[in-house]
Amino acid sequence: MDQFDVIVIGGGPAGYHAAIRAAQLGLKTACVDAWTGADGKAALGGTCLNVGCIPSKALLDSSKQFWNLTQHFDVHGITTKDAAIDVKTMIGRKDKIVKQFTGGVAMLFKGNKITSFLGTGKLLQGRQVEITAPDGGKQTIAGTNVVIATGSAPIELPFAKFDGKHIVDNAGALAFDAVPKRLGVIGAGVIGLELGSVWRRLGSEVTIIEALPDFLGAADADVAKVALKELNKQGLKIELGAKLSKAEIKKNEVHLTYAGKDGEKQLVVDKLLVAVGRRAYTDGLLGDGTGVKLDERGRVVVDEHCWTGAEGVWAVGDCVRGPMLAHKGFEEGIMVAELIAGKAGHVNLDTIPWVIYTEPEIAWVGQTEKQLKDAGIPYKTGSFPFAAIGRAVAMNEPAGMVKMIAHAETDRILGVHLVGANVSELVAECVVAMEFKGSSEDLARIVHAHPTLSEAVHEAALAVDKRAIHKMN
Ligand code: NAD
């Protein structure tokens with residue numbers, strides 16, 4: 001039986017980071033992953049590279065170009081006639097990008113001498129891993145350490161089951177062969193808003209049905225309010241407090257029944273994207289006697305260092321507690337590899353940035369105003385609109401703002417909430433400041449280049465102390 005220092009089950013973001021870091025540290029490493037591409041060959045990178053972060057960003061970019069071309073170019077004096085989108089070319093470009101990056105992980109594995117196994121891994125007693133290949137063939141390998149990184153899968157609603165054609169998950173909505181005339185989306189979460197935006201910008205009539213009464217409850221309320229207004233302006237219809245009860249496929253259409261604020265409603269769409277969250281993917285993962293426990297949501301139980309409590313068995317990424325974000329998985333994978341190698345490792349779950357790649361983008365780090373209020377923590381806030389930032393106006397992207405929240409007594413930054421152009425990049429500065437336990441005064445005293453969008457972060461920091469320059473305080 002082949003013996004390794006580290007066996008990683010799952011080659012998604014958390015798993016491939018664990019494998020590469022372990023190999024860099026001189027550990028004999030294997031990675032077991034079952035994902036295959038259209039050609040039937042291994043496609044490392046998991047959900048993130050195959051049907052998540054990267055392909056969605058490719059389509060968001062294509063659709064943004066089309067939207068700007070058809071909606072915004074005239075203000076620059078640029079006129080176009082008969083703009084059209086060829087969906088096949090757009091999807092082909094996305095597939096090419098995916099292939100480039102999944103192939104990139106395979107090359108990194110080769111370069112780092114990581115042994116790659118194509119198949120589904122099952123943890124057995126004594127840190128053995130049984131691998132079932134796509135053809136059903138089985139083999140067993142053994143590890144001094146095993147890192148579980150099996151990720152997550154879309155949650156399916158019993159009354160709106162995925163058929164891959166009319167009712168789809170994120171993967172399906174990344175591969176439509178034409179712009180659906182009418183697209184229904186269940187769930188105004190991250191996936192619903194991003195993929196709803198893609199198809200809306202290409203001309204689809206998009207209706208998003210969200211069960212909760214508040215829009216983007218996890219975000220700060222001020223940011224959510226601005227985002228909702230901007231998304232509505234783009235023609236995204238978002239029905240809040242609406243619960244789907246039935247989705248029937250009839251003659252190539254999906255007939256929806258849902259209970260809204262004004263009673264029962266019907267909606268007919270051509271495609272339905274169900275994006276109501278994801279669940280940890282741990283089905284069939286554990287053999288008898290492994291000592292690894294699952295919680296009530298099927299997640300692998302781990303401590304703050306991603307140790308399962310069973311000797312030499314660790315778990316990272318979407319299959320454990322914490323936000324289901326690729327970058328959280330990256331850092332957990334690296335941490336575990338370093339701990340296995342006898343080094344220090346730590347991930348601070350309190351400073352994980354969130355980004356939603358709508359237009360405008362939404363990003364945040366730390367606590368919302370409501371969370372602080374509920375916890376009775378004294379705070380002060382400062383906000384600054386992009387409409388007063390020269391660069392944002394010159395870019396024709398004046399929507400949005402930066403809101404900074406600091407402790408009322410110590411001035412330590414407790415949260416930063418952003419909505420606007422490129423805030424996915426601006427949030428990084430705020431994460432660094434929070435990791436270094438910075439204050440709003442620290443950010444206020446740091447020179448920010450002019451003219452840049454980062455000046456909104458600077459001005460929001462100044463505004464905490466009521467001394468923003470380009471607005472009345
Ligand atoms: P989500 O948790 O972000 O949103 C799901 C939404 O569906 C929630 O608002 C919920 O209230 C609503 N909902 C649940 N059941 C419903 C029902 N029956 N009817 C109507 N609405 C209902 O989940 P998601 O958008 O599916 O994304 C899954 C995971 O993937 C998330 O954890 C997310 O963090 C991650 N993800 C992240 C990014 C990113 O970082 N940009 C992008 C895509 C996905």
Beta bridges by DSSP in region 167-276, antiparallel share as percent, to the nearest 5 = 50 percent
query = Which aspartates and glutamates does K328 reach when only Cα atoms under 18 Å apart count, and residues fewer than 8 places away in its own chain are ignored?
reply = D303, E304, D318, E338, D350, E425, E429, E435
message = With a cap of 15 neighbouring Cβ atoms within 10 Å, and only residues DSSP puts in a loop, list the chymotrypsin sites (Phe, Trp or Tyr not before Pro) found in region 151-246.
response = F159
query = When D283, D33 are ordered from fewest to most other Cβ atoms inside 10 Å of their Cβ, what list results?
reply = D283, D33
key: Highest to lowest packing among 347-354, 167-174, scored as the average C-beta count within 10 Å   = 167-174, 347-354
remark   = Here, trypsin sites (Lys or Arg not before Pro) of region 1-91 satisfying both criteria (DSSP loop; at most 10 other Cβ within 10 Å) are K81
ask   = In whole Å, what is the distance between the alpha-carbon centres of region 356-384 and region 212-247?
value = 17 Å
ask   = Could you give the longest part of the chain that holds none of the GluC sites (Glu not before Pro) found in DSSP loops with at most 14 neighbouring Cβ atoms within 10 Å?
value = 1-155
task = Using only the Cα atoms of region 28-179, each taken as one equal point scatterer with no solvent, compute I(q) by the Debye sum, divide by I(0), and report log10 of the ratio at q = 0.08, 0.18, 0.20 Å⁻¹.
result = -0.35, -1.16, -1.29
note = For the chain, the helices passing both cut-offs (Cα extent along own axis of 24 Å or more, Kyte-Doolittle mean at least -0.5, full DSSP H runs) are 87-111
Inter-part distance where region 1-46 and region 306-347 are each reduced to a Cα centre, Å = 14 Å
query = For the chain, what is the mean residue ellipticity at 222 nm derived from helices alone (per DSSP H run of n ≥ 4: -39500 (n - 2.57); sum divided by total residues; nearest 500 deg cm²/dmol)?
reply = -9000 deg cm²/dmol
query = So which of K293/K343; K380/K437; K57/K380; K28/K343 end up more than 23 Å apart by C-alpha?
reply = K293/K343; K57/K380
inquiry  = Taking loop as defined by DSSP and a crowding limit of 14 other beta carbons within 10 Å, which trypsin sites (Lys or Arg not before Pro) in region 186-274 fit?
reply    = K251, K261
ask   = Fewest first, what order do D82, D2, D74 take by the number of other Cβ atoms within 10 Å?
value = D82, D74, D2
key: Extension gain from E409 to A175, taking 0.36 nm per residue of separation minus the Cα-Cα distance   = 79.1 nm
key: Given charges at Cβ of Lys, Arg, Asp, Glu: the chain dipole, positive-most of Q125, G46, V147   = G46
ask   = For the chain, what proportion of DSSP beta bridges, expressed in % and rounded to the nearest 5, is antiparallel?
value = 65 percent
task = Report Rg (one decimal) and Dmax (nearest whole number) for the chain, counting Cα atoms only, units Å.
result = 23.5, 71
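Read-outs throughout are calculated quantities, based only on the coordinates presented, and are distinct from any laboratory measurement. Since the model is a prediction, treat every value here as computed from it, not as a measurement. Here Cβ is always computed from backbone atoms with ideal geometry, including for glycine, and neighbour counts include all displayed protein chains.
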